[in-house]
Amino acid sequence: MSWFQAAASAPFGVSELPYGVFSRRGDAPRVGAAAGDQVIDLPAAWRATGRDPKIFEQPSLNRFLAQGRPAWAETRTALQTGLDDPAGRAIIEPHLIPMSEVQLHLPIEVADFVDFYASEHHASNLGRIFRPGGDPLTPNWKHMPIGYHGRAGTVVVSGTDIVRPLGQLKTPSGPTPSFGPSRKLDFEAELGWVVGVGSAQGVPVAVQDFREHVFGVVVLNDWSARDIQAWEYVPLGPFLGKSFATSISAWVLPLEALDDAQVGLPDQDPELLPYLAAAGWGYDIEIQVEINGQLVSTCPYAAMYYSPAQMIAHLTVNGAHLRTGDLYGSGTVSGPAADQCGSLMELSWNGTRSVDLGTGGSRTFLEDGDEVVLRAASAGPSKAQLGEVRGAVRPAPSPAA
């Protein structure tokens, strides 16, 4: 039996070993690994074994991520061995810090942020809302993973408050737009895939090379101002309605922790072009969504139409290259059932239905003071925890400010 045992209430078990960036009592941020409800101070642990700690004496994971799969695997094996083997106790235990005593920071320096639209159920729901009576999916949707480029600089770590955005708003019957705070602020329950090793410009990344480039996954909330988005998105797509904030979890879970959660994809018909046909695999992960402590949805990632490997292949097929710290979101995760929708746009059917928050009343869209928490875990045998991402809505600044 391992000498290290995680408490039943801990956010992680002993098999996940996600990585993040932390500081304690105002000291410099550095890289740590989560074990149960504690943080392994990796620079200190590495120093204790005679290894060079510089790779972990960093304010982001990027330098470690750029080392590639052999270094990732070696580090994970060393940590697993240290937590399991009694001989490792003297090395690891002195450098365990309770999570309650640390401040967690944005784990990666985000190079680029791209968000996809890979759930057929989500895309179909939005199509039925905005194109009633028509085909819910656009003609290109089943031929490629659709996405848009976001703002890397507005990706924030879990716990960061979200200020309600200002923008142009226009009702369908209004002759001209007005300016003011969004009235249709929404969340989007997603996973975010973190690139470790970059690629050469002009050289597409094949589906089968997914694991050579992608290090791991975070829980992601792509906050959305639906009314700003509705007025601006024709003909070029999401812009200010999306770019004000995207929240990610503080811990990045390595892909290896999800090996037992791999599942096949839904039937992809019509047949995809050859560069997407290898497909890869999906993941059996559920994302729970809470608003002010009330569970409102449980979103099944296994229902996603496109795999993360297909997304990265499409992202680079035109010659665009990857960089360490690139982040790409899955798009809203929604399932076929009414309580499996990953956004209030769907749950409230664009504000025409109220979403019950129990004793907290009801919502159609988010109000100031609301806190949204997304938690994700795999349904594989290991029940790997991906952590959580939370954010509270704060009032918009004065338009005159």
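Numerical summary
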| item | result |
| --- | --- |
| Selection status of residue 67, crowded, with 16+ Cβ neighbours inside 10 Å and over 30 Å from residue 8 (Cα atoms) | yes |
| Matching option when the condition is in contact with a Phe, Trp or Tyr (Cβ under 8 Å, 6 or more places away or on another chain) and either closer than 16 Å to residue 372 by Cβ or part of a loop (DSSP other than H, G, I, E, B) (or both), among 220, 240, 265, 236 | 265 |
| Residues of region 375-401 satisfying the condition of being in contact with a Gly (Cβ under 7 Å, 6 or more places away or on another chain), in the same structural domain as residue 165 (by TED's automatic domain parsing) and either in a loop (DSSP other than H, G, I, E, B) or charged (D, E, K, R) (or both) | 390 |
| In region 81-104, the residues that are surrounded by 12 or more Cβ atoms within 10 Å (Cβ to Cβ) and either in the same structural domain as residue 194 (by TED's automatic domain parsing) or within 25 Å of the chain's Cα centre (by Cα) (or both) | 99, 102, 103, 104 |
| Meets criteria (in a loop (DSSP other than H, G, I, E, B) and closer than 29 Å to residue 320 by Cα) for residue 172 | no |
| Output for region 85-98, where each listed residue is under 10 Å from residue 40 (Cα atoms), among the aliphatic types (A, V, I, L, M) and out of contact with any strand residue (DSSP E or B) (no Cβ under 6 Å at 6 or more places or on another chain) | 92 |
| Residues of region 316-347 satisfying the condition of being among the aliphatic types (A, V, I, L, M), touching a residue at least 12 places away in the same chain (Cβ under 8 Å), surrounded by fewer than 24 Cβ atoms within 10 Å (Cβ to Cβ) and assigned to a loop (DSSP other than H, G, I, E, B) | 317, 320, 322 |
| Considering residues of region 355-374 that are in a loop (DSSP other than H, G, I, E, B) and touching a Lys or Arg at 6+ places or on another chain (Cβ under 7 Å) only, the residue surrounded by the fewest Cβ atoms within 10 Å (Cβ to Cβ) | 368 |
| Tally, over region 44-77, of residues that are in contact with a Gly (Cβ under 9 Å, 6 or more places away or on another chain), over 20 Å from residue 218 (Cα atoms) and in a helix (DSSP H, G or I) | 1 |
| Hits in region 297-314 - residues which are among the aliphatic types (A, V, I, L, M) and buried (at least 22 other Cβ atoms within 10 Å of the Cβ) | 304, 309, 311, 312, 313 |
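The values are calculated or read from the model by the stated rules, or taken from the named source; none is laboratory data. Model, not experiment: these values are computed from the prediction. A quick note on method: Cβ atoms are made from the backbone with ideal geometry, for glycine too, and the neighbour counts reach across all protein chains shown.
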